[in-house]
Amino acid sequence: MSRKRKWIAVALVIAAGIFIYQRYRVAPSLEWQGIQAQQLNGLPFQPQQENRSLYIFQFFATWCIDCRRELPHWVGLMPFMEKQNIGFYLLSDEKLSSLKYFEETLEKPMLYRLDRAFKEYGVYTLPTVLVYNPKGEIVFSKTGSWTPNENELIQLLR
């Protein structure tokens, strides 16, 4: 293979890597009003009516090992988040029966069922976290595991 062909091959591999990374490892920039979901009892998901200082939406699946691994961390942060008026919501596209069964293991209801598949929201990696301020603006987003401490959450409140 000529030197020129090797460089072209390397450039193609790099371009493909960038494309895949951009498409599948970057959290989508979703307007929160565009996230349509419902509580497991069938009532609409309307977090903006809760008047929170922050809204943390985690795209979650019961089969996702990383999602389940970090869930105890989030549960441990609940008292702090409640004190700071931070809402935490797990959003899933799974079957209602699976979600209801899983929610029975949680201390507090926090699971919501999306109206359509993750990929239709631009979510290709789980967990994906989007943090919104009260105006509905994204102040933080992350794909993959994220286990913030109290100080990191306080920084997001500013």
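Quick note: the coordinates plus some simple rules give every number you see, no bench work behind them. The model shown is predicted, which means the values in this text are computed figures rather than measured ones.
Return the single residue from GLY136, GLY42, GLY122 with maximal mean-square fluctuation; model: Gaussian network over the chain, springs between Cα atoms under 10 Å.
GLY42
Between PHE45, PHE60, PHE102, find the one with the highest GNM mean-square fluctuation for the chain; connect C-alpha pairs within less than 10 Å.
Greatest mean-square fluctuation among the candidates belongs to PHE102.
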